[in-house]
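A short write-up of the structure that comes next.
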């Protein structure tokens with residue numbers, strides 16, 4: 001049997017799912033690198049750049065893996081509360097064992113059972129609520145953890161592939177090393193969810209565009225949909241978000257360590 005407490009095993013399991021997702025993402029990007037295709041039209045003032053990839057990633061599978069990681073992160077907090085209740089009560093199972101869970105809002109504190117009566121514990125827990133923890137990129141991480149875990153109980157998380165919020169590209173006249181500098185006011189960039197052959201960039205100039213090569217220094221990334229952040233954003237990079245959620249759970253664990 002493992003000597004690790006259950007809350008620690010849950011965190012380890014969450015990290016295993018995160019590492020599996022990272023491995024699959026990196027392997028797919030290495031095996032099926034994203035490229036671009038330039039399309040020209042009868043109107044010489046128009047040029048579009050499209051996503052090209054031999055095999056699109058299985059985002060449905062990634063959504064399942066990410067959902068498993070998120071559920072284990074949420075369960076880590078519940079197991080933590082259960083263990084603290086055992087230590088404080090001196091009994092296993094502790095009183096109110098069937099209701100014990102980590103509360104994400106003040107009106108859920110009844111889920112703490114006997115822990116509500118411990119003043120020092122409650123004072124610390126007040127600072128570990130979604131609305132008392134600082135934002136990360138406009139998101140209250142504990143609130144996002146609760147939201148995504150609840151969503152994953154009923155349907156697959158919405159994981160899409162999209163370009164990051166910036167692209168690095170340049171134009172060079174074919175057959176030369178001479179750069180072509182379009183007016184960036186005439187460029188429309190697509191940061192929406194992508195599919196194979198999706199349009200990435202649309203350039204419409206007032207004069208004919210010469211034949212050009214496009215040098216593109218970018219990849220696309222899996223994003224997770226969530227409730228609007230404080231900046232209005234409704235999707236965040238899956239890797240960054242999972243790593244931030246994991247760090248937030250570890251912070252809660254470390255802060256509550258004196259009560260274990």
Select from region 214-250 the residues that are out of contact with any helix residue (DSSP H, G or I) (no Cβ under 9 Å at 6 or more places or on another chain), under 30 Å from residue 172 (Cα atoms) and loosely packed, with under 14 Cβ neighbours inside 10 Å and write down the one among them that is modelled with the highest pLDDT.
215
Single unsatisfied condition, residue 201 versus (1) surrounded by fewer than 17 Cβ atoms within 10 Å (Cβ to Cβ); (2) part of a strand (DSSP E or B):
(1)
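Assess whether residue 128 counts as being within 30 Å of residue 59 (Cα to Cα), within 27 Å of the chain's Cα centre (by Cα) and modelled with pLDDT of 90 or more. Walk me through how you get there before you give the answer.
Details: within 30 Å of residue 59 (Cα to Cα): no; within 27 Å of the chain's Cα centre (by Cα): yes; modelled with pLDDT of 90 or more: yes.
No.
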Within region 147-161, the residues that are in contact with a helix residue (DSSP H, G or I) (Cβ under 7 Å, 6 or more places away or on another chain) and closer than 19 Å to residue 252 by Cβ are 148, 149
Tell me which residues, restricted to region 87-112, are assigned to a helix (DSSP H, G or I), surrounded by 17 or more Cβ atoms within 10 Å (Cβ to Cβ) and over 32 Å from the mean Cα position of the chain (by Cα).
88
Are there any pairs, at least 6 apart or on different chains, whose C-beta atoms fall under 7 Å, with the first in region 43-72 and at negative phi and free of Cβ contacts under 8 Å to residues at least 60 places away in the same chain and the second surrounded by fewer than 20 Cβ atoms within 10 Å (Cβ to Cβ) and outside any helix (DSSP H, G or I), and if so, which?
54/32; 55/32
Do you know which of the residues in region 148-165 that are out of contact with any strand residue (DSSP E or B) (no Cβ under 9 Å at 6 or more places or on another chain) and in a loop (DSSP other than H, G, I, E, B) is surrounded by the most Cβ atoms within 10 Å (Cβ to Cβ)?
156
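The values are calculated or read from the model by the stated rules, or taken from the named source; none is laboratory data. Computed from a predicted structure; not experimentally measured. Using ideal geometry, Cβ is built from the backbone for each residue, glycine included, and neighbour counts are taken over all protein chains shown.
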